[in-house]
Amino acid sequence: MNIDRTVAPQTEEISSFNLVEANPTKIENGINIHRIQAGNEAVLKVDFVFNAGSLHQSKKGQASLTNRMIGEGTSKYTSQQLADALDFYGAYISTRSATDESSVTLYCLSKHLSSCLTYIYEMLTDANFPEEDLKILKQNSVQKLAVNEQKNSFLVRKYFYSSIFGEENPYGSSINKEDYLNINRQDLVEFYQTSYINKLEHILISGQADDSTMLEIEAFCKKFNNTITRKTLPFPKFDGSPERKKFHNKPGSSQSAIRIGRPIFNRSHMDFRKFQLLNLILGGYFGSRLMKNIREDKGLTYGIYSSLESYKNGGCWYIETEMNNDLREKGLFEIYKELKTLREELIDNEELQTAKNYLLGSFLRSIDSPFSLADRYKILLDYNLEYSYYYEFIEIVKNTKAEEIRSLAKEYLQEADLYEIIVGC
Amino acid sequence: MIQYNTFTLDNGLTVIHHQDESTQLCVINTLYNVGSKHEDPNKTGFAHLFEHLMFGGSVNIEEFDEELQNAGGESNAFTSNDITNYYLTLPSNNIETGFWLESDRMLSLDFSQESLDVQKSVVIEEFKERYLNQPYGDVWLKILPLAYKVHPYSWPTIGKEISHIENATLDDVKSFFKSFYCPNNAVLVVAGNISLEKCNMLCEKWFAPIPKHQINKPQYQKEPKQTEARKETVYAEVPQDMIVMAYHIPARTDKGYYVADLISDILGAGKSSRLYNALVKKNPMFSELDAYLSGDIDEGLLLIEGKLLPGINMDEAELAITQELNKLKTTDVEDLELQKVKNKSETNILFNDVGSLNKAMKLAYAFVLGDIELVNKEAEHYLSVNQIDIKALAKEIFDLNNCSTLYYRKK
């Protein structure tokens with residue numbers, strides 16, 4: 001067979017996608033159960049979500065340590081007994097505490113769900129925060145923090161958030177050594193009482209969640225005497241630093257970590273989805289302008305990316321990279337040059353089309369596994385959106401014009417509005 | 001249970017096909033049977049540097065990534081001691097683009113000095129970012145040459161030193177390609193929403209015309225049995241002392257590998273493990289303490305890695321670990337504990353099967369290990385391990401003369 005390898009095979013535009021939608025039900029006691037039934041393996045991921053983020057705490061470190069201590073003992077079981085039991089069923093527990101909320105996640109084989117739920121129930125309703133376990137967790141957290149504080153990439157992230165949001169704002173603050181040392185058992189018990197006990201907000205179950213699985217989950221939920229009184233906390237004001245450029249000297253570094261960015265709107269804003277496309281073009285994928293120029297053309301870094309982060313009460317956008325100290329000025333010059341080009345010049349059709357095709361392809365990838373479907377769905381839940389948000393996304397991406405990209409860049413990517421944080425020497 | 005079909009093209013390329021009609025995607029995973037263990041000891045880091053060059057354009061296609069992205073696809077790759085693995089994912093109706101791209105870079109690269117120079121700088125920055133500019137980042141660079149005196153596992157995939165990467169020439173690149181990048185040294189897995197007929201047709205069209213090469217696999221020596229305790233101390237600007245103990249274990253295809261894997265789980269995987277409970281919780285000497293396998297195909301390592309709490313003496317910490325290891329040599333593991341780690345491995349296997357890409361990588365790796373059916377048999381291998389196996393292997397490996405210890409001390 002003779003083939004001409006210089007000619008690309010025909011491709012089709014992505015025009016439709018099968019999105020497995022979640023099936024939500026609400027139990028009488030107010031717990032929302034969301035089921036995403038997908039996948040070929042008999043595995044499950046179950047998220048238990050609480051309004052218990054750092055936004056809801058009265059003392060720094062309270063939300064995070066309460067969340068991490070959930071599996072460290074209940075009045076019936078010691079931390080080792082809990083770990084032994086869950087490990088025996090081959091299950092994994094992960095805990096996550098963010099600004100807006102906290103969660104406990106169970107990964108297990110479908111066949112072991114009900115056994116695991118017995119222990120999860122104890123953890124979510126009867127954790128007793130043993131002094132000794134807390135002491136160890138605090139000590140180890142302080143050690144881990146000391147290691148992280150030697151990493152330029154960790155420091156630049158911390159300085160960036162505090163600069164753009166303000167150190168006192170929940171999105172800008174970070175835990176330091178003293179915060180860990182100041183937390184005591186009573187702080188955790190109180191936070192657990194107010195934010196966890198009978199405050200289970202959502203359960204997201206994804207994977208092979210058949211009808212019998214759902215009966216188990218419902219029975220589990222009915223055991224809670226939930227009393228959720230929804231109160232909307234006033235969100236503290238943003239208090240970004242007036243100093244836009246900050247250099248933190250770290251002697252002995254062989255590279256500088258750099259973050260350039262700004263606070264920006266969150267997902268609820270009508271420009272968000274168009275901005276996702278703009279961000280992609282600049283630094284959101286391997287074919288982005290920053291990656292091509294600074295890595296693939298000049299070899300100044302191993303990687304450079306730009307990202308858009310959305311939270312319930314705000315958001316931010318930034319470029320991040322680590323590069324050789326000696327070449328840093330050259331790299332910064334190129335970054336600002338790329339921003340200027342985006343603001344002033346129209347993107348050509350071919351580049352725009354590639355970015356659009358890539359973005360739609362990556363959307364397809366993001367709805368391919370049961371767990372990533374659950375992540376997509378959680379976004380809708382967090383911002384009170386409907387599935388139409390994703391169907392519209394396809395249309396918005398397809399129809400965005402070069403002029404719109406330029407005007408978005410003009411509006412949001414002015415150099416004067418950007419913070420530049422560097423850790424290096 | 002992963003279903004698959006397999007066939008071999010005339011040029012020696014093995015193809016494995018796995019169909020999943022529930023996805024809208026298709027994956028092409030190409031594994032070349034070459035890793036850092038095939039490198040010249042004076043030109044290390046080359047397999048990995050070469051992996052970078054595979055994205056720099058091929059003989060008929062200038063921009064690999066752009067063409068792929070334009071079809072809605074994404075790709076990446078990784079290099080290990082044993083293999084180099086490339087993968088790409090596309091919407092299944094555009095999968096032919098993947099065949100076109102992947103076959104062209106198997107046919108020949110567009111060898112350019114410029115692309116080599118840029119990727120050398122990129123890899124040097126990667127070396128710094130991951131191995132030098134991180135607390136404890138160079139542990140791997142220190143422990144491997146201590147544990148391996150003869151076998152090429154003595155250097156990490158990134159290379160022994162930056163100068164090896166700096167010195168790479170275009171001629172080196174060309175000869176590396178000629179020796180290892182050919183259909184008869186690769187396995188291709190096509191997985192996702194694609195029929196066997198279509199897979200067959202596209203393989204014939206794009207891959208069958210690529211000529212086979214004469215493969216010149218350099219011979220390397222097996223690591224002789226270690227017969228003396230090896231110890232090394234390094235000082236660095238780190239916040240706490242760390243200890244790493246490395247024990248030689250059986251090869252990946254040996255039954256003993258599964259035993260070693262379960263031993264590492266009993267010792268150091270998660271909050272119910274022995275080391276964690278004894279030395280992080282009950283008698284706290286470490287802030288972190290883990291046990292894991294290096295995961296190599298030839299005889300690899302079981303590693304114990306712990307960060308010491310302030311004020312803890314290194315000798316006492318080491319002794320405490322050794323005492324825990326010795327318990328495995330003298331006392332049978334209880335039924336429940338053995339069952340627990342077996343159940344964990346069952347969960348790991350099943351979670352690792354989620355998605356076509358995971359399945360594709362697993363199929364390719366099993367082929368290299370010599371038996372594709374391993375993808376469905378690994379669970380049984382774990383289940384068949386018993387108390388006697390655990391005790392026997394613990395006795396064999398947890399020997400002072402089989403151990404390399406790195407004392408990584410705070411300056």
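See the values below:
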quantity: Leading residue by the ranking (surrounded by the fewest Cβ atoms within 10 Å (Cβ to Cβ)) among those in the stretch A:39-53 that are in contact with a Ser or Thr (Cβ under 7 Å, 6 or more places away or on another chain) and over 18 Å from residue A:202 (Cα atoms); calculated: A:42
quantity: The stretch A:343-359: number of residues that are in a helix (DSSP H, G or I), surrounded by fewer than 20 Cβ atoms within 10 Å (Cβ to Cβ) and in contact (Cβ under 8 Å) with a residue 12 or more places away in the chain; calculated: 5
quantity: Of residues in the stretch B:264-280 being of a type outside the set (Ser, Thr, Tyr) and part of a loop (DSSP other than H, G, I, E, B), the one surrounded by the fewest Cβ atoms within 10 Å (Cβ to Cβ); calculated: B:270
quantity: Residue in the stretch A:310-321 that is within 25 Å of residue B:62 (Cα to Cα) and either surrounded by fewer than 20 Cβ atoms within 10 Å (Cβ to Cβ) or not hydroxyl-bearing (Ser, Thr, Tyr) (or both) present; calculated: no
quantity: Any hit, the stretch B:85-105, residues being under 20 Å from the mean Cα position of the chain (by Cα), under 21 Å from residue B:180 (Cα atoms) and acidic (Asp, Glu); calculated: no
quantity: Any hit, the stretch B:281-300, residues being surrounded by 14 or more Cβ atoms within 10 Å (Cβ to Cβ), more than 10 Å from chain A (Cβ to nearest Cβ), of a type in the set (A, V, I, L, M, F, W, C) and within 30 Å of residue B:5 (Cα to Cα); calculated: yes
quantity: Qualifying residue in the stretch B:200-216 (condition: surrounded by fewer than 13 Cβ atoms within 10 Å (Cβ to Cβ) and of a type in the set (Phe, Trp, Tyr)); calculated: no
quantity: Residue count, the stretch B:118-158 (criterion: more than 14 Å from chain A (Cβ to nearest Cβ) and either aromatic (Phe, Trp, Tyr) or assigned to a loop (DSSP other than H, G, I, E, B) (or both)); calculated: 9
quantity: Selection status of residue A:94, modelled with pLDDT of 95 or more, within 22 Å of residue A:370 (Cα to Cα) and surrounded by fewer than 20 Cβ atoms within 10 Å (Cβ to Cβ); calculated: yes
quantity: Of residues in the stretch B:112-133 being within 21 Å of residue B:233 (Cα to Cα) and surrounded by fewer than 20 Cβ atoms within 10 Å (Cβ to Cβ), the one modelled with the lowest pLDDT; calculated: B:132
quantity: Filter result for residue A:308 (of a type in the set (A, V, I, L, M, F, W, C) and assigned to a helix (DSSP H, G or I)); calculated: no
quantity: Long-range neighbours under 9 Å by Cβ, at least six apart or interchain, first residue touching a residue at least 40 places away in the same chain (Cβ under 8 Å) within the stretch A:52-66, second part of a helix (DSSP H, G or I) and of a type in the set (Lys, Arg); calculated: A:61/A:138; A:65/A:138
quantity: Positions within the stretch A:153-166 being touching a residue at least 24 places away in the same chain (Cβ under 8 Å) and at negative phi, in sequence order; calculated: A:153, A:155, A:156, A:157, A:159, A:160, A:161, A:162, A:163, A:164, A:165
quantity: Enumeration of residues in the stretch A:394-425 that are assigned to a loop (DSSP other than H, G, I, E, B) and of a type in the set (Lys, Arg); calculated: A:401
quantity: Residue match in the stretch A:347-370 (condition: of a type in the set (Lys, Arg) and in contact with a strand residue (DSSP E or B) (Cβ under 7 Å, 6 or more places away or on another chain)); calculated: yes
quantity: Pair list, Cβ < 7 Å and 6+ apart or interchain, from the stretch B:197-211 residues that are at the interface with chain A (Cβ under 10 Å from one of its Cβ atoms) to residues that are in a loop (DSSP other than H, G, I, E, B); calculated: B:205/A:1; B:205/A:3; B:208/B:9; B:208/B:10; B:208/B:11
quantity: Residue that is farthest from residue B:350 (Cα to Cα) [pool: residues in the stretch A:1-20 that are more than 8 Å from every other protein chain (Cβ to nearest Cβ) and surrounded by 13 or more Cβ atoms within 10 Å (Cβ to Cβ)]; calculated: A:13
quantity: Which listed residue, of A:293, A:249, A:266, is surrounded by fewer than 17 Cβ atoms within 10 Å (Cβ to Cβ) and either over 22 Å from residue B:57 (Cα atoms) or more than 9 Å from every other protein chain (Cβ to nearest Cβ) (or both); calculated: A:249
quantity: Tabulated pairs, the stretch B:265-290, first under 15 Å from residue B:244 (Cβ atoms), second of a type in the set (Ser, Thr, Tyr) and buried (at least 20 other Cβ atoms within 10 Å of the Cβ), C-beta under 7 angstrom, 6+ apart or interchain; calculated: B:267/B:273; B:268/B:276; B:289/B:276
quantity: Flag if residue A:391 is in a helix (DSSP H, G or I), modelled with pLDDT under 95 and more than 11 Å from residue A:20 (Cα to Cα); calculated: yes
quantity: Number of positions in the stretch B:217-263 that are polar (S, T, N, Q) and surrounded by 21 or more Cβ atoms within 10 Å (Cβ to Cβ); calculated: 1
quantity: Meets criteria (under 23 Å from residue A:198 (Cβ atoms) and within 10 Å of another protein chain (Cβ to nearest Cβ)) for residue A:55; calculated: no
quantity: Hits in the stretch A:200-247 (condition: assigned to a loop (DSSP other than H, G, I, E, B), β-branched (Val, Ile, Thr) and within 27 Å of the chain's Cα centre (by Cα)); calculated: A:228, A:229, A:232
quantity: Number of the exception - residue A:12 against (1) out of contact with any Leu (no Cβ under 8 Å at 6 or more places or on another chain); (2) of a type in the set (Asp, Glu); (3) modelled with pLDDT of 95 or more; calculated: (3)
quantity: Checklist (1) in a strand (DSSP E or B); (2) farther than 30 Å from residue B:303 by Cα applied to residue B:235, failing item; calculated: (2)
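One line per residue, one yes/no per condition, for (1) touching an Asp or Glu at 6+ places or on another chain (Cβ under 9 Å); (2) under 30 Å from residue B:403 (Cβ atoms):
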| site | (1), (2) |
| --- | --- |
| B:79 | yes, yes |
| B:101 | yes, no |
| B:124 | yes, no |
| B:128 | yes, no |
| B:153 | yes, yes |
| B:160 | no, yes |
| B:169 | no, no |
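The values are calculated or read from the model by the stated rules, or taken from the named source; none is laboratory data. Values in this document were obtained by computation on a predicted structure and should not be read as measured data. Please note: Cβ atoms are built from the backbone with ideal geometry, for glycine as well, and neighbour counts cover all protein chains shown.
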